[in-house]
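Asks: There's a structure below that I have some questions on.
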């Protein structure tokens, strides 16, 4: 079931029974899902299962090789231009260990080799400096800044008091394969 391995991690495709990992990722901290279902763990688990089950994206899970501990997930979605968009999320306790860079390199190079992908689209919040740094270090090229949601939904969010970044998101292209980087980058 493992699709690729890196020095410290292995990545495998999600199965229908893996929704518990989705709940782990989005059920803690400041996640909107966690806040909405804070008083009802059963409802939260059911919501995670339904969201996870009905996704059309390809989801891949990231685990540590040494402990088999779940670290995060990679998502592969269709972008607006007929290409593929890469998303990545990590549990807070697994961040700042170099796992993001390592998993992006391993997964992206697997996509290049096994699926002949020549690039990926990346969307990053303008305030997410860590992600911008990682993807730039890996060779991502800034393309544009645009809203990720429709103007109708943005207006609804604004009127509902939901914090919404009106500046939109940064869009990058990540050329593949990713060359080996020295660890000091």
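The values are calculated or read from the model by the stated rules, or taken from the named source; none is laboratory data. The shown structure was predicted, so the numbers you read here are calculated from the model rather than taken from an experiment. Here the Cβ is made from the backbone with ideal geometry for all residues, glycine too, and neighbour counts use every protein chain on show.
Asks: All but one of (1) assigned to a loop (DSSP other than H, G, I, E, B); (2) touching a strand residue (DSSP E or B) at 6+ places or on another chain (Cβ under 6 Å); (3) within 23 Å of residue 15 (Cβ to Cβ) hold for residue 68; which doesn't?
Replies: Just one mismatch for residue 68, condition (2).
Asks: When you go through 57, 79 one by one, which is the residue that is within 20 Å of residue 131 (Cα to Cα), touching a strand residue (DSSP E or B) at 6+ places or on another chain (Cβ under 6 Å) and modelled with pLDDT under 90?
Replies: On the way: 57 fails: within 20 Å of residue 131 (Cα to Cα).
Answer to the check: 79.
Asks: Next up: Is it the case, given these coordinates, that residue 120 is buried (at least 18 other Cβ atoms within 10 Å of the Cβ), touching a helix residue (DSSP H, G or I) at 6+ places or on another chain (Cβ under 8 Å), without any contact (Cβ under 8 Å) to a residue 60 or more places away in the chain and in a strand (DSSP E or B)?
Replies: Considered against the rule, which asks whether it is buried (at least 18 other Cβ atoms within 10 Å of the Cβ), touching a helix residue (DSSP H, G or I) at 6+ places or on another chain (Cβ under 8 Å), without any contact (Cβ under 8 Å) to a residue 60 or more places away in the chain and in a strand (DSSP E or B), residue 120 comes out as yes.
Asks: Let me confirm something: among 155, 114, 102, 127, which residue is assigned to a loop (DSSP other than H, G, I, E, B) and either at pLDDT 95 or above or farther than 19 Å from residue 60 by Cα (or both)?
Replies: Being assigned to a loop (DSSP other than H, G, I, E, B) and either at pLDDT 95 or above or farther than 19 Å from residue 60 by Cα (or both) holds for just one of 155, 114, 102, 127, which is 127.
Asks: Within the set of pairs 6 or more residues apart or between chains, which connect a residue that is under 15 Å from residue 79 (Cβ atoms) inside the range 123-150 to a residue that is at pLDDT below 90 with Cβ atoms less than 6 Å apart?
Replies: Close Cβ pairs (under 6 Å, with a partner that is at pLDDT below 90) amount to 123/169; 146/168; 147/168; 148/169.
Asks: Are any of the residues in the range 130-137 surrounded by 15 or more Cβ atoms within 10 Å (Cβ to Cβ), assigned to a loop (DSSP other than H, G, I, E, B), at pLDDT 95 or above and touching a strand residue (DSSP E or B) at 6+ places or on another chain (Cβ under 6 Å)?
Replies: No.
Asks: Tell me yes or no: at least one residue of the range 108-116 is more than 30 Å from residue 68 (Cβ to Cβ), surrounded by fewer than 19 Cβ atoms within 10 Å (Cβ to Cβ) and free of Cβ contacts under 8 Å to residues at least 40 places away in the same chain.
Replies: Looking only at the range 108-116, we keep the residues that are more than 30 Å from residue 68 (Cβ to Cβ), and these are 116.
Those still in the list that are surrounded by fewer than 19 Cβ atoms within 10 Å (Cβ to Cβ) too: 116.
Next cut, free of Cβ contacts under 8 Å to residues at least 40 places away in the same chain only: 116.
For the range 108-116, residues more than 30 Å from residue 68 (Cβ to Cβ), surrounded by fewer than 19 Cβ atoms within 10 Å (Cβ to Cβ) and free of Cβ contacts under 8 Å to residues at least 40 places away in the same chain: present.
Asks: Looking at the structure I just gave you, is residue 75 surrounded by fewer than 17 Cβ atoms within 10 Å (Cβ to Cβ) and over 14 Å from the mean Cα position of the chain (by Cα)? Spell out the reasoning first.
Replies: On the way: surrounded by fewer than 17 Cβ atoms within 10 Å (Cβ to Cβ): yes; over 14 Å from the mean Cα position of the chain (by Cα): no.
So residue 75 fails the test.
Asks: In addition: Tally time: how many residues in the range 96-123 are within 13 Å of the chain's Cα centre (by Cα) and farther than 15 Å from residue 176 by Cα?
Replies: Taking the range 96-123 as the starting set, the residues that turn out to be within 13 Å of the chain's Cα centre (by Cα) are 99-101, 103-104, 107-108, 120-123.
Narrowing the set further to residues that are farther than 15 Å from residue 176 by Cα leaves 99-100, 123.
Result for the range 96-123: 3.
Asks: Going residue by residue through the range 30-46, is there one that turns out to be outside any helix (DSSP H, G or I), within 18 Å of the chain's Cα centre (by Cα), at pLDDT 80 or above and surrounded by fewer than 18 Cβ atoms within 10 Å (Cβ to Cβ)? Before the answer, list the steps.
Replies: The initial filter retains those residues of the range 30-46 that are outside any helix (DSSP H, G or I), namely 30-31, 37-40.
Filter once more, so that each one left must be within 18 Å of the chain's Cα centre (by Cα): 30-31.
Of the ones still in play, those that are also at pLDDT 80 or above are none.
No, there is no match, as no residue in the range 30-46 is outside any helix (DSSP H, G or I), within 18 Å of the chain's Cα centre (by Cα), at pLDDT 80 or above and surrounded by fewer than 18 Cβ atoms within 10 Å (Cβ to Cβ).
Asks: Quick one: residue 141 ticks every box in (1) loosely packed, with under 14 Cβ neighbours inside 10 Å; (2) touching a strand residue (DSSP E or B) at 6+ places or on another chain (Cβ under 9 Å); (3) modelled with pLDDT under 95 bar one, so which box is it?
Replies: (3)
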